[in-house]
Amino acid sequence: MSLATATPDIIPATAAPRRRGYWRALWHKLRYDYVTLFFLTIIVLIFAAAIFAPLVAPFDPNKTSMVYRLKPIGYRHFFLGTDELGRDMLSRLIYGGRMSLMMGFVPVVIATCVGGFFGVVAGFTGGWVNMLIMRIMDVFYAFPSVLLAVAISGTLGGGVGNGLIALTLVFIPPLCRVAEAATTQIRTRDFVEAARASGASNLSIIFFHILRNIVAPVLVYASSLISVSILLASGLSFLGLGVEPPTADWGLMLSTLRQSIYVQPLICAMPGAAIFIASLSFNLVSDGLRQAMDVRA
Amino acid sequence: MYLALLLRETYRTSAGVVANPMWLYVIRRILLAAPIAIGVTVICFALIYLAPGDPIQSLLPPEATQADVAYLKQVYGFDKPLPVQYLKWVSRATVGDFGTSIQTNRPVLGEVRRALSHTLIISIGAALLAFPLAIALGTLAAFYIGRPPDRIATMASVVGISVPNYWLGIVLIIVFAVELGVLPASGMGPQGSDDFSLTQWAQLKYAVLPVLTTALVPLGIIMRSTRAAMADVLSQDFIQTLRAKGLGQGAVVRHALRNALPQVLAVMGLQFGYLVGGSILTETIFNWPGTGFLMNKAILTRDIPMLQGALLVLALSFVSINLAVDLLQTAVDPRVKRG
């Protein structure tokens, strides 16, 4: 769960200004990367299960039963057994995916916009503005990411909203750094100079020349944060911050099932396995994307 | 005036030679770290205002009397403007007064210091286990790049990075404590933390599972960066020259490692910082009474002074570790510019 970023040389020296059909070329590269495609399929499946949870899940995820508590895998009609309150594990895992995916994506998306904005401003303006923005980001870097997330949501109190705020704050500095480094590199290129010479305004230079060239490194980096975000969010729920019971969430399920490891060890390990599979898939797809987009990290 | 001189990257000696001695660099780096440390204290201070409700309420137990509230208001100076409050808090913190824990009624600093020593047992153990292994595996992968050993090592490192370590801890407990019954599931010894000794297996075995759990993430990350750095070095011309001169594989590895290690050193330092500062989840699972466990307890009981103190100590040690690694890297690698 690290937020290590590489600042130097994010843009390969040969990167030409965007060619037409960039995304199509990207897809052509990805098409033959079977590992990435395989894990992309898993992500799509998790997404589909989460979106269509009410249709896919065999039972109500919150329906408790005193009789069917902690039943093993395959007990009667409970495909993956039941949890400590007799709720169907499969249904809860499917519904839990909704929460985990949301907590994985929303903070990263918001942080990409906010951090990207500050990064571009800092990189494009330079001087004391850059100094000010980047030094403030450095302060947030002085906290290990887990510590910062726990401290913020710990003081704000539990709940999904506070968890989202904490995670977003954690991801803004690293994304700002990546955007700043990329912008600083692009800003001094000849084509920016040429655009300025031909009378382009700052705003149009940012939109047409800077943004399009920093999309690849920022996107690749952001995609690598999704798995971190899922891990951190589940970690928060595991600690009793973030998602609150009885909502189905993988981290929370792992935490409440912990008391039952002596009774049904296999069932207790399942929510964690779900977190692991999701995080692994996002990591590998991000790696594939990095290779296809030719971004150094 | 002197400050400006120190902050300059080079200075002229009496003989007119431009010099950039190490001691000057050390002082400059420390001066540059100072604003970050100050920023850290600001964030820790801001925490009590982030907490919902009146800051006084978050500093006092719910059964506090009206007199207590008035007393605390005066002591903490909550009636004064924010900058004054901050300066008061910082000046108390610099002399080691972090306030009193609401829960235990003992000074925060003592509790945090005790917990930190427990955390360090796990962090250092995990570092000793993970770092050499990661360098060995990363080097192996770089030598066989694209071939099966590399594929396996790379896959293993991705797994290490992706695995939620709180889940890994539970799985290890299930396997070694529940099913096999060979290692204890949690705690820090039969008599608690006071009796812990590193020389006796009866106590030491309590640390085995936490160390294994925490070691996996740095293992994966350092392996990755060792592989990348080594692959970079191995593709350079001088390696080919070494091979052409007839050097054996071992000697080539030695040369390459000397070039790649300083880069990896930076990653290792960062990872060690994460081990110390990010221990909350593993410590909660294993009931290991370290700083993370302390913080978790402080959050559950809304013990804000304790949370604040633990956070400040952890963040400042993270800053110092990064500073130390930075200086070490400059000292061992002449290529790093003392800028």
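The values are calculated or read from the model by the stated rules, or taken from the named source; none is laboratory data. Please read these numbers as outputs of a predicted model, since none were measured by experiment. Virtual Cβ from ideal backbone geometry, glycine too; neighbours counted across all protein chains shown. We work out accessible area using only protein heavy atoms, side chains counted, and drop any ligands, DNA or RNA first. Shrake-Rupley method; radii C 1.70, N 1.55, O 1.52, S 1.80 Å.
In region A:26-41 there is at least one residue that is at pLDDT 70 or above, within 15 Å of A:D287 (Cα to Cα), of a type in the set (S, T, N, Q) and surrounded by 13 or more Cβ atoms within 10 Å (Cβ to Cβ).
Quick check, is A:V192 touching a residue at least 60 places away in the same chain (Cβ under 8 Å), away from chain B (no Cβ under 14 Å) and either open to solvent by less than 10 Å² (accessible area, probe 1.4 Å) or touching a strand residue (DSSP E or B) at 6+ places or on another chain (Cβ under 8 Å) (or both)? Criteria not met by A:V192.
Within the set B:A244, B:A215, the sole residue that is open to solvent by less than 60 Å² (accessible area, probe 1.4 Å), of a type outside the set (D, E) and either within 22 Å of B:I121 (Cα to Cα) or without any contact (Cβ under 8 Å) to a residue 24 or more places away in the chain (or both) turns out to be B:A215.
One residue alone among A:S234, A:S204 is facing chain B (nearest Cβ under 9 Å), among the polar types (S, T, N, Q) and assigned to a helix (DSSP H, G or I), and that residue is A:S234. Listed by first and then second residue, the pairs linking a residue in region B:137-159 that is within 14 Å of chain A (Cβ to nearest Cβ) to a residue that is of a type in the set (K, R), with Cβ atoms under 6 Å apart and 6 or more places separating them unless they lie on different chains, are B:S157/B:R224. The numbered conditions (1) modelled with pLDDT under 70; (2) open to solvent by less than 30 Å² (accessible area, probe 1.4 Å) are all true for B:I221 except (1). Here B:A324 qualifies as at pLDDT 85 or above and surrounded by fewer than 24 Cβ atoms within 10 Å (Cβ to Cβ). In the set (1) within 11 Å of chain A (Cβ to nearest Cβ); (2) open to solvent by less than 30 Å² (accessible area, probe 1.4 Å); (3) modelled with pLDDT of 85 or more, the condition left unmet by B:Y274 is number (2).
For the list (1) out of contact with any Gly (no Cβ under 8 Å at 6 or more places or on another chain); (2) at pLDDT 85 or above; (3) open to solvent by 10 Å² or more (accessible area, probe 1.4 Å); (4) more than 7 Å from chain B (Cβ to nearest Cβ), I need the number of the one condition that A:A274 fails. The number of the failed condition is (1). Among the residues of region B:254-271, is there at least one that is small (G, A, S), closer than 23 Å to B:L116 by Cα and within 8 Å of another protein chain (Cβ to nearest Cβ)? There is no residue in region B:254-271 that is small (G, A, S), closer than 23 Å to B:L116 by Cα and within 8 Å of another protein chain (Cβ to nearest Cβ).
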